[in-house]
Amino acid sequence: MVPPDPGFARATALRATLDPVATGDEEDPSFTGSPRPDLLDAHLDHVAALAGEYAQRAGLPLDVVASIRWAARLHDIGKADPTFQVWLHGGDEIAARFGDRLAKSVLPWQSRAAVQAARARAGYPEGQRHELVGLHMIQASDTLLSRIVTDGADPELV
């Protein structure tokens, strides 16, 4: 019998800490819902702090720690896309434009039909991934790339 991997247990606990109630729609894994509001800026700050702390405690070089912090801070930045925000706000353009930027939707997250209807109202293309949108946003921002380098991080690693 293989002994339990303590790294797996820590990774599982970390995942629960970062996102304890998220559920991805089986047909559209880019969508995550939550029974409580989860604001994008707070989510990105929390993940960056946690990832940076783990990287630092692991004794990684400073440039790698900085790169991990930036990668964590930007991992969901594609969710800032206005169309994705309309989707997370249930297809409500007014709420998306004037409300808080969400990391997770407050839609009835158990309902695949509600998720699909909100995506259709938002006009968010089926199969489009917020991660790829985020990558494009990052690569298109010379200002952000300059900040990443100034902070001592490696933009290629980020």
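Extending 7 Å from the Cα toward the beta-carbon at both residue 149 and residue 49 defines two label points whose distance is 3.0 nm.
Taking amide H positions as modeled 1.01 Å from N, with prolines and chain starts lacking one, the residues under 5 Å from residue 38 and 5 or more places away or on another chain are 103, 104. Against the compact-protein benchmark of 2.2 N^0.38 Å, the Cα-based radius of gyration of the stretch 68-158 scales to 1.23.
Taking all protein chains as shown and a probe of 1.4 angstrom, residue 111 keeps an accessible surface of around 40 Å². With R₀ set to 22 Å, the beta-carbon distance separating residue 111 from residue 39 gives a calculated FRET efficiency near 0.50.
The values are calculated or read from the model by the stated rules, or taken from the named source; none is laboratory data. These numbers come from a predicted model, not from an experiment. Reconstructed Cβ throughout: ideal geometry from the backbone, glycine too, with neighbour counts over all protein chains shown. SASA here: full protein model, heavy atoms, side chains in, ligands and nucleic acids out. Shrake-Rupley method; radii C 1.70, N 1.55, O 1.52, S 1.80 Å.
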